[in-house]
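Worksheet: the structure to be examined is printed underneath.
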Amino acid sequence: MDSSRSQSVADIAIRERDLIAPAAGSRARVLDRLRLGDAAFRQLTRAAAIGVLVLLSAVIISLIRGSIPALKTFGFGFLVSERWNPVTEIFGALPAVYGTVITSFIAMLFAVPIGLMIAFFLTELCPKWLRRPIGIAIELLAGIPSIIYGIWGLFVFAPFLQETLQPFLIGTLGNAPLIGPLFGGPPYGIGMLTAGLILAIMVLPFITSISRDVFEAVPAVLKEAAYGLGCTTWEVTRNVVLPYARVGVIGGIMLALGRALGETMAVTFVIGNAHRISASILAPGTTISATIANEFTEAVGDLYTSALIALGLILFVITFIVLAIARYLLLRIERRIG
Amino acid sequence: MAEHMAEQLLQSRYRGRRRRNAVATVLALAATGIGLGWLVLILGELLWQGFSGLSLAVFTEMTPPPGAAGGLLNPIFGSLILTVLAVIIGTPIGILAGTYMAEYGRHDVLTTVVRFINDILLSAPSIVVGLFIYEIMVAPMGHFSGLAGGVALAVLVIPVVVRTTEDMLTLVPNALREAATSIGLPRSLTITRICYRAARAGMLTGVLLAVARISGETAPLLFTSLNNQFWSTNLNAPISSLPVVIFQFALSPYKDWQALAWTGALIITMAVLALSITARALVATGKQS
């Protein structure tokens, strides 16, 4: 409590007391003014809260309006066409949607197990004094701007993969039956796999910090009972903690997926921006966000611009659904804990 | 004999379980090592590349033409302008909305809906925000502008501030509100004079986190504020910003530009890390008092 606050509170109290005696009329006026100000402030905050809803609707409406020319021209075919030719003005979203889904899938393939294992380490194995520093360090990964991942991926990670992992994959798995085509072609360095791995690093902190929080919310009694039966640390985590925290963990994973789907800069640097669907995950491709980032300012003609906005609309709808599911699941576990 | 065999079976089962536990422990350690390793690798490379290009000229000279030496003065200045603009536009809206959710309509349907939508906006792809601002500002105005960039960033500021304001105001003890009401303080004054003061540190943290979030944002600026090779203070014209310059310079074939991109990346990262550490410290002091 500092002095200025108590003073301002006391001021009003005194002023009101003084007003009682001399003139009932002026007291009523002051109270009226206060009531008016009160109502005005309330309505102002309410308007701001509704403003958040308006903002989201405005985003959706403006994207729909912007994409009408492209959707009118190509119809449903826009979603399933593989062609993207600015010169002949024929546009199809499939390569970008495909790239978005595949890179995010690769990212989740690596980030989910690693993120969960880190959460397991932090909650069950790590000595107490080390928990906070490691937790903060992992969360720092989330604070690094995506463009930093992009520039690092382009100059350091992609050349590294080109010289080591990719030739290895091509040499071994590339000749394997069934999955061979996935690892075919020359090692470009940049491409879907590189983008997916960068995304994995980026979303790792989301999975770790949410799973850690829900792991910690598991009632100690449950864990102690399992330990009392003679379960090992891993068995407790696998059979008691994980099932109990399942909903929250899935929520965290969906949240991370939402991020991975919409991430722009980190992917744009290393995806290669090639509008085609390749069997090999080592080949360059493109994602929705990378296409928009690379081509929007250079897009000439209304149809081209509109096609890019339509891509943005598709991305927004996909991430909206994923994020809504994530929030719903997290809300459910919050209610259970709270 | 049978007893002996049962004993052996049990022993081998114990061994298997213990082995699985050991494997899981090693995997968990490895995963943590991988997570921390990436952080070290990325920050290490960034420090190494960034510092080798760091000099006074970076802060005093304009962005150079290809193949010449220069600095990052105009993008640094542009980024500051855009950030300030975004905070000025976004913070009041965010604080007011958060105030409604925590103070007036804590159990409203409206609050539940706004919270849900706000959380989605919080992680919505920022490039879509760029498209949105392009549609409502750049296209009607007919040109790219710093103002559009600032508004785009403000759209990203709002959800962060709404979230923290609501959370922090919810934490303010009701006894404070009751005390204020009991001496006849109207609701609006209770909120602005009492609750805001009590939640000050937390609300400031929200603004800092929002600044940290937008200072590295590139995607929403690409087609709103665009870029400007020269010094410009005109908000009605394209303005330079660090992230966009990094994007452009890093993808260029010129060594000088690439070096400047690394230095710019270092500056942004340091700024963001400093902001998040300050925010953490603020939360820590807020909890103690």
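The values are calculated or read from the model by the stated rules, or taken from the named source; none is laboratory data. Since we're looking at a predicted model, the values are computed, not measured. Methodologically, a virtual Cβ is constructed for each residue, glycine included, from the backbone with ideal geometry; neighbour enumeration extends over all protein chains shown. These area figures cover heavy atoms from the full protein model, side chains too; ligands, DNA and RNA do not enter into them. Shrake-Rupley method; radii C 1.70, N 1.55, O 1.52, S 1.80 Å.
Can you pull out every residue in the stretch B:12-56 that is of a type in the set (Gly, Ala, Ser), over 24 Å from the mean Cα position of the chain (by Cα) and crowded, with 17+ Cβ neighbours inside 10 Å? Spell out the reasoning first.
Our first condition is that a residue be of a type in the set (Gly, Ala, Ser); within the stretch B:12-56, this holds for B:12, B:16, B:22, B:24, B:28, B:30-31, B:33, B:35, B:37, B:44, B:50, B:52-53, B:55.
From the residues that got through so far, the ones that are over 24 Å from the mean Cα position of the chain (by Cα) too are B:12, B:16, B:22, B:24, B:28, B:30-31, B:33, B:52-53, B:55.
Residues satisfying the conditions are B:24, B:28, B:31, B:53.
Determine which member of the set B:113, B:84 is at the interface with chain A (Cβ under 8 Å from one of its Cβ atoms) and surrounded by fewer than 17 Cβ atoms within 10 Å (Cβ to Cβ).
So the residue among B:113, B:84 that is at the interface with chain A (Cβ under 8 Å from one of its Cβ atoms) and surrounded by fewer than 17 Cβ atoms within 10 Å (Cβ to Cβ) is B:113.
How many residues does the stretch B:171-206 contain that are assigned to a helix (DSSP H, G or I), within 25 Å of the chain's Cα centre (by Cα) and either more than 7 Å from chain A (Cβ to nearest Cβ) or buried (at least 18 other Cβ atoms within 10 Å of the Cβ) (or both)?
Within the stretch B:171-206, residues that are assigned to a helix (DSSP H, G or I), within 25 Å of the chain's Cα centre (by Cα) and either more than 7 Å from chain A (Cβ to nearest Cβ) or buried (at least 18 other Cβ atoms within 10 Å of the Cβ) (or both) number 10.
Of the residues A:74, A:105, which single one is in contact with a strand residue (DSSP E or B) (Cβ under 8 Å, 6 or more places away or on another chain), open to solvent by 30 Å² or more (accessible area, probe 1.4 Å) and of a type in the set (Phe, Trp, Tyr)?
On the way: A:105 fails: in contact with a strand residue (DSSP E or B) (Cβ under 8 Å, 6 or more places away or on another chain).
Matching residue, one of A:74, A:105: A:74.
Looking at the stretch A:213-233, which of its residues are of a type outside the set (Asp, Glu), assigned to a helix (DSSP H, G or I) and free of Cβ contacts under 8 Å to residues at least 60 places away in the same chain? Break it down into steps so the answer makes sense when it comes.
Initial filter on the stretch A:213-233 (of a type outside the set (Asp, Glu)): A:214-215, A:217-223, A:225-233.
So of that shortlist, the ones also assigned to a helix (DSSP H, G or I) come out as A:214-215, A:220-223, A:225-228, A:233.
Once the filter is applied, which keeps residues that are of a type outside the set (Asp, Glu), assigned to a helix (DSSP H, G or I) and free of Cβ contacts under 8 Å to residues at least 60 places away in the same chain, the stretch A:213-233 yields A:220, A:221, A:222, A:223, A:225, A:226, A:227, A:228.
Mind counting the residues in the stretch B:246-268 that are part of a helix (DSSP H, G or I) and either under 21 Å from residue B:206 (Cβ atoms) or more than 10 Å from every other protein chain (Cβ to nearest Cβ) (or both)? If you could, list the steps in order and put the result at the bottom.
Within the stretch B:246-268, the subset part of a helix (DSSP H, G or I) is B:246-250, B:255-268.
Pick out the ones that are also either under 21 Å from residue B:206 (Cβ atoms) or more than 10 Å from every other protein chain (Cβ to nearest Cβ) (or both) and you get B:248, B:255-257, B:259-260, B:263, B:267-268.
Number of matching residues: 9.
Assess whether residue A:112 counts as being surrounded by fewer than 18 Cβ atoms within 10 Å (Cβ to Cβ), of a type in the set (A, V, I, L, M) and at pLDDT 90 or above.
Numbers: surrounded by fewer than 18 Cβ atoms within 10 Å (Cβ to Cβ): no; of a type in the set (A, V, I, L, M): yes; at pLDDT 90 or above: yes.
No.
Looking at B:130, B:98, B:78, which is the one that is open to solvent by less than 20 Å² (accessible area, probe 1.4 Å) and more than 26 Å from residue A:267 (Cα to Cα)? Write out each step before concluding.
Details: B:130 fails: more than 26 Å from residue A:267 (Cα to Cα); B:78 fails: more than 26 Å from residue A:267 (Cα to Cα).
Only one candidate qualifies: B:98.
For the stretch A:84-93, check the following and say yes or no: at least one residue is touching a residue at least 60 places away in the same chain (Cβ under 8 Å) and in a helix (DSSP H, G or I). Before you say what the answer is, go through the steps one by one.
Residues of the stretch A:84-93 that are touching a residue at least 60 places away in the same chain (Cβ under 8 Å), as a first pass: A:84, A:86, A:89, A:91, A:93.
Now restrict to residues that are in a helix (DSSP H, G or I): none.
No.
Return the only residue of A:332, A:238, A:246 being charged (D, E, K, R) and in contact (Cβ under 8 Å) with a residue 12 or more places away in the chain.
Just one listed residue meets the conditions, A:332.
Of all residues in the stretch A:301-325, which are at the interface with another protein chain (Cβ under 8 Å from one of its Cβ atoms) and in contact (Cβ under 8 Å) with a residue 24 or more places away in the chain?
Hits for the stretch A:301-325 are A:309, A:312, A:315, A:316, A:319, A:323.
Under the condition of being closer than 19 Å to residue A:82 by Cα and aliphatic (A, V, I, L, M), which residue from the stretch A:283-298 is farthest from the other protein chains (Cβ to nearest Cβ)?
The extreme case among them is A:283.
Go through the stretch A:254-279 and count every residue that is part of a loop (DSSP other than H, G, I, E, B), open to solvent by less than 10 Å² (accessible area, probe 1.4 Å) and more than 9 Å from every other protein chain (Cβ to nearest Cβ).
From the stretch A:254-279, those part of a loop (DSSP other than H, G, I, E, B) are A:263-264, A:271-279; that's our starting set.
Applying the additional criterion that residues be open to solvent by less than 10 Å² (accessible area, probe 1.4 Å) yields A:264, A:271.
After this cut, where a residue has to be more than 9 Å from every other protein chain (Cβ to nearest Cβ) as well, the list is A:271.
So the count comes out to 1.
Mind telling me which of the residues A:236, A:317, A:247, A:300 ends up being outside any helix (DSSP H, G or I) and of a type in the set (A, V, I, L, M, F, W, C)? Even if it seems obvious, please write down each step before you answer.
Details: A:236 fails: outside any helix (DSSP H, G or I); A:317 fails: outside any helix (DSSP H, G or I); A:247 fails: outside any helix (DSSP H, G or I).
Exactly one of A:236, A:317, A:247, A:300 is outside any helix (DSSP H, G or I) and of a type in the set (A, V, I, L, M, F, W, C), namely A:300.
Pick out the one residue from B:92, B:125, B:75, B:66 that is more than 26 Å from the chain's Cα centre (by Cα) and not acidic (Asp, Glu).
Details: B:92 fails: more than 26 Å from the chain's Cα centre (by Cα); B:125 fails: more than 26 Å from the chain's Cα centre (by Cα); B:75 fails: more than 26 Å from the chain's Cα centre (by Cα).
Only one candidate passes the filter, namely B:66.
Residues to consider are A:106, A:102, A:68; find the one that is over 26 Å from residue A:266 (Cα atoms) and in a helix (DSSP H, G or I). Give the derivation first.
Numbers: A:106 fails: over 26 Å from residue A:266 (Cα atoms); A:102 fails: over 26 Å from residue A:266 (Cα atoms).
Result of the check over A:106, A:102, A:68: A:68.
Could you name every one of the helices (runs of 4 or more DSSP H) located completely within the stretch A:118-184 that has at least 1 residues being over 28 Å from the mean Cα position of the chain (by Cα) and either surrounded by fewer than 18 Cβ atoms within 10 Å (Cβ to Cβ) or more than 14 Å from every other protein chain (Cβ to nearest Cβ) (or both)? Please lay out each step first, then the result.
Values: elements: A:128-143, A:146-152, A:158-163, A:165-171.
Once the helices (runs of 4 or more DSSP H) in the stretch A:118-184 are filtered for at least 1 residues that are over 28 Å from the mean Cα position of the chain (by Cα) and either surrounded by fewer than 18 Cβ atoms within 10 Å (Cβ to Cβ) or more than 14 Å from every other protein chain (Cβ to nearest Cβ) (or both), what remains is A:128-143, A:158-163, A:165-171.
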